[in-house]
Amino acid sequence: MIQANGLTKKFGDFVAVDELELLVEAGEIYAFLGPNGAGKTTTIRMLTGTLRPTAGKIHVLDLALPKNEIQVKQRIGVVPDEPRMYENLRGREFLDFVAGVYRMEETLYTSRVEELFDAFSIDYANDYIGDYSHGMKQKLMLVSVLMRRPEVVFLDEPTVGLDARAARILKLLLEKMKSAGTTIFLTTHILEIAEKMSDRIGIIHNGKMLAQGTMEQLRQLSQGQHGSLEEIFLELTDSGEIPEWARENTEETDHA
Amino acid sequence: MREVLLLVRLFSRSKARRSAKKKRFSLPGPVWVILAYFMLPLAFFLGFFTPVLFPLLKSLNFPLVERGILSPFLALDLLMAPMIFFSGVMLLIQFSQSLIIGLFDNEMIPVLCSMPFHRSSIVFTASLDSLVQTGMFITFLGGFSILYAVAIQAGFFASLGAVVSLFLFLLGLGMLIATWTSRFVGRTSAKRFTQVLYFFGALGIFGAPQVLIPLSRQNPDIVASKLQKWIPLFLHRFWPHTFFLKAIRGDVSALLVLSSTGIALFLLAMWRANGIELSLSRKKTASNRTRVQWGKKFPLLKKEILLMFRDGQMIWYVIYPVIFPLIMFRAAKESLLVITLFFTMVASLYSSLITTSLFAQERKVWPVPLLFPISSSRLIGAIIRTSVGLFWLEYLVMGIVLFFLFQPFWAELFLFVPVFFLLRYGALIGIRMYLQDAGRDISRKGILLKGKEILFLEVLTMGFSGLFLGILLVYRQVFAPGSTAWFSSWPPWLVHSLFPGAAVGVFVTVILLSSWEKRRIQKLLENLDNT
């Protein structure tokens, strides 16, 4: 469903993504993890046809990218890391625009939007996007993607800015979409989400894929030394020792 | 006070534009900003208003009662009152709306609120910042006041006291209006409103000499009798500007009332500012259910039109090419060709500025536009079509109306063809210029292109339009009855081949340059997709 071979992206001399090998099967939730600046967003941008790779091959929905860019974009949905939208449009007008671009059937569009507005408690769609908070924009961006029910969904840090209820709703919706056969590719820094929701996990660091597999496979990779994804992630990405003072504080807080 | 000074420094520093290049000498960023807001209106005021208005005011400097009109005012008060009133109202509205933007659309405000600053200091500093943006109306209000004071030879301190009191009054009232209206006016509406107001204000001010010049040519007694009907309306004793005019003339009680009201309003605004919630409480939509409207057909066009008509600057760009020929209507001597020349010179430039502004809106949300199943060239195409299409439609409507009005030579009807290509060339060159530095800083409202780029745009768009239509205009002179033009003595075959040939040459050049610009845009877009 999503396949990348030898995927590389260079910005001048800087190698942002280095010969990445990736395979995401249809109907699975794939969590793509990595520290800040690891190359997650660059990878998503290449997989979604918004950035040309320096080298390597990409296939999404069995269509080669960037050759079939428009056809792929028609069938996928992307929630970018920053929900940037035209500030001088109202939320409703932005959704109208998206529905028009994707040529959604009118009754389907109306009913799905109503459904998602209810789910995310959106009652501000008649206001200008420029007046929204980050979380409000994020919810609208999610609606604009989920209302289309794309075959593959890419979500870059989708829970950032969302309140607890909206984050919970999103997780439930993703589960529901997965059971309906949608492929979900998501990046997150909340490892708990990745651990609980995903079928497989990929960990990228300095542009290189360090490990990928199911949670069980990752545990085996660490030779059973670590139980949680957090510990595996920290060990693989060599994020450095947690400073002693931070541990002490934690312990003090625990005792208190 | 220390707090306010610290905040003023912080606000002014944030205005400095990021620049990679270090210049040998440059004025500090805030000085440029202040100059930009004040210099043009000041130049206009000194160049156009003062030479017309001052002699007019001097000629009207006599008590109305001397001409048998029962009123304690001077004749020039009748002229001054509406001018002070309208510029004051414009200043008040623009200032309060700019303050809403300054307080609620400023990334620094939440940070400052988390620091130990008084809210009143933050609001006061933001209001000073907003005052700079109302430079046009401040210049005109201040200028009118000075001309009035000089015309009646008022005392310096009385005039100074009156001007300071009026500004304090407007500042306090504006701050109160801003804090009150922020409850139901969003920052997006405030932005649009401010821009539209600015341009209509500018139109009013630039059009004012058209009214003042005929007045200045009339007998002062006739002017006074014409204006006396305004007494109950503009010189009502409770108007702040009536107090202001009286205060300049040395009426101490008027000065006291104006200054004490100004101080009271200012203190009230400061007191209210300490309790202000510096986050916009959005108005709830009338119904909890959102009515979904359908926009299936031409979604790109619909979006571009919505974005265009929600930006005050772009609204101005759209209407001015029509207003300009109408202003020049008399000069056009009932000629469709001359009107077309005026229209196309302005519209081709504005067509490039509109496409640039619309593309800048896409860049602000980049890379979101790339997520849609639309190629970048289609996106750019939609922007160009919208801008060119709109101006072309304007021209067609204007052309048809004027055709029936003037009944010009039938061939002039076909001018719509070259006009289209000239507009299209303007749009293409604007986009190309923007794309050459696609990562430019567009955080400062209304400044998208560099001065050099705008100059280049003006030369190319206005130059080609002027050249093409100018040649046709000269050619037409041959047929004008009793033409004494220097080429009238040329052999007919030379005139008939030289002028149309030159016009066709310019037209073909425009078409060739347009396709060259198109290819360059395509290349620049490919690079943009790869960054």
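If only residues of the stretch B:498-519 that are open to solvent by 60 Å² or more (accessible area, probe 1.4 Å) and not hydrophobic (A, V, I, L, M, F, W, C) are counted, the one that is farthest from B:Leu423 (Cα to Cα) is B:Arg519.
Tell me whether the stretch A:69-79 contains one or more residues that are part of a loop (DSSP other than H, G, I, E, B) and either within 14 Å of chain B (Cβ to nearest Cβ) or over 22 Å from A:Glu175 (Cα atoms) (or both). No, there is no match, as no residue in the stretch A:69-79 is part of a loop (DSSP other than H, G, I, E, B) and either within 14 Å of chain B (Cβ to nearest Cβ) or over 22 Å from A:Glu175 (Cα atoms) (or both).
The residues of the stretch B:105-127 that are within 23 Å of the chain's Cα centre (by Cα) and at pLDDT below 85, listed by number, are B:Asp105, B:Asn106. With respect to B:Asn274, determine if the residue is within 11 Å of chain A (Cβ to nearest Cβ) and either open to solvent by 30 Å² or more (accessible area, probe 1.4 Å) or modelled with pLDDT of 90 or more (or both). Against the criterion (within 11 Å of chain A (Cβ to nearest Cβ) and either open to solvent by 30 Å² or more (accessible area, probe 1.4 Å) or modelled with pLDDT of 90 or more (or both)), B:Asn274 does not qualify.
Of the residues making up the stretch B:349-369, those that are within 12 Å of chain A (Cβ to nearest Cβ) and open to solvent by 10 Å² or more (accessible area, probe 1.4 Å) are B:Ser357, B:Gln361, B:Arg363, B:Lys364, B:Trp366, B:Pro367. Residue check: is A:Arg52 over 28 Å from A:Met136 (Cβ atoms), at the interface with another protein chain (Cβ under 8 Å from one of its Cβ atoms) and open to solvent by 60 Å² or more (accessible area, probe 1.4 Å)? In short, yes.
Filtering the stretch A:162-194 to residues that are within 18 Å of A:Pro83 (Cα to Cα), of a type in the set (Gly, Ala, Ser) and in contact (Cβ under 8 Å) with a residue 40 or more places away in the chain leaves only A:Ala166. Taken over the stretch B:310-341, the criterion of being surrounded by fewer than 14 Cβ atoms within 10 Å (Cβ to Cβ) and modelled with pLDDT of 75 or more is satisfied by B:Ile323 alone.
Could you check the stretch A:136-185 and list, in sequence order, the residues that are hydroxyl-bearing (Ser, Thr, Tyr) and within 14 Å of another protein chain (Cβ to nearest Cβ)? Across the stretch A:136-185, the qualifying residue is only A:Ser144.
Taken residue by residue, the stretch B:445-453 has at least one member that is touching a helix residue (DSSP H, G or I) at 6+ places or on another chain (Cβ under 6 Å) and at pLDDT 80 or above. Hey, among the residues in the stretch A:80-109 that are aliphatic (A, V, I, L, M) and in a helix (DSSP H, G or I), which one's nearest to the other protein chains (Cβ to nearest Cβ)? Here the answer is A:Val101.
Summed over the stretch A:116-135, residues that are under 16 Å from A:Arg168 (Cα atoms) and more than 9 Å from chain B (Cβ to nearest Cβ) total 6.
Screening B:Ala43 on (1) open to solvent by 50 Å² or more (accessible area, probe 1.4 Å); (2) at pLDDT 85 or above; (3) within 19 Å of the chain's Cα centre (by Cα) shows it passes everything except condition (2). Among the numbered conditions (1) at pLDDT below 75; (2) open to solvent by 60 Å² or more (accessible area, probe 1.4 Å), the only one that B:Val252 does not meet is (1).
Can you tell me which of B:Pro418, B:Pro408, B:Pro373 is touching a Lys or Arg at 6+ places or on another chain (Cβ under 7 Å) and more than 16 Å from B:Thr356 (Cβ to Cβ)? Unique residue meeting the criteria: B:Pro373. Screening A:Ala26, A:Ala16, A:Ala31 for residues that are in contact (Cβ under 8 Å) with a residue 60 or more places away in the chain, under 24 Å from A:Ser144 (Cβ atoms) and assigned to a strand (DSSP E or B) leaves exactly one candidate, A:Ala31. Here B:Phe62 meets the list (1) touching a strand residue (DSSP E or B) at 6+ places or on another chain (Cβ under 8 Å); (2) modelled with pLDDT under 85 almost entirely, failing just condition (2). The condition (being within 14 Å of another protein chain (Cβ to nearest Cβ) and more than 21 Å from B:Leu371 (Cα to Cα)) is satisfied by just one residue among A:Gly12, A:Gly6, A:Gly34: A:Gly12.
Give the stretch B:387-406 a look and list any residue that's closer than 17 Å to B:Ser514 by Cα and either touching a strand residue (DSSP E or B) at 6+ places or on another chain (Cβ under 7 Å) or crowded, with 20+ Cβ neighbours inside 10 Å (or both), or say none. Listed by number, the residues that qualify are B:Ser387, B:Val388.
Here the strands (runs of 3 or more DSSP E) wholly within the stretch A:120-226 that include at least 3 residues being open to solvent by 10 Å² or more (accessible area, probe 1.4 Å) are A:208-213.
The values are calculated or read from the model by the stated rules, or taken from the named source; none is laboratory data. Just so it is clear, the model here is predicted, and its values are computed rather than measured. All Cβ positions, glycine included, derive from the backbone under ideal geometry; neighbour counts span all protein chains shown. Accessible surface areas use protein heavy atoms only, side chains included; no ligands, DNA or RNA. Shrake-Rupley method; radii C 1.70, N 1.55, O 1.52, S 1.80 Å.
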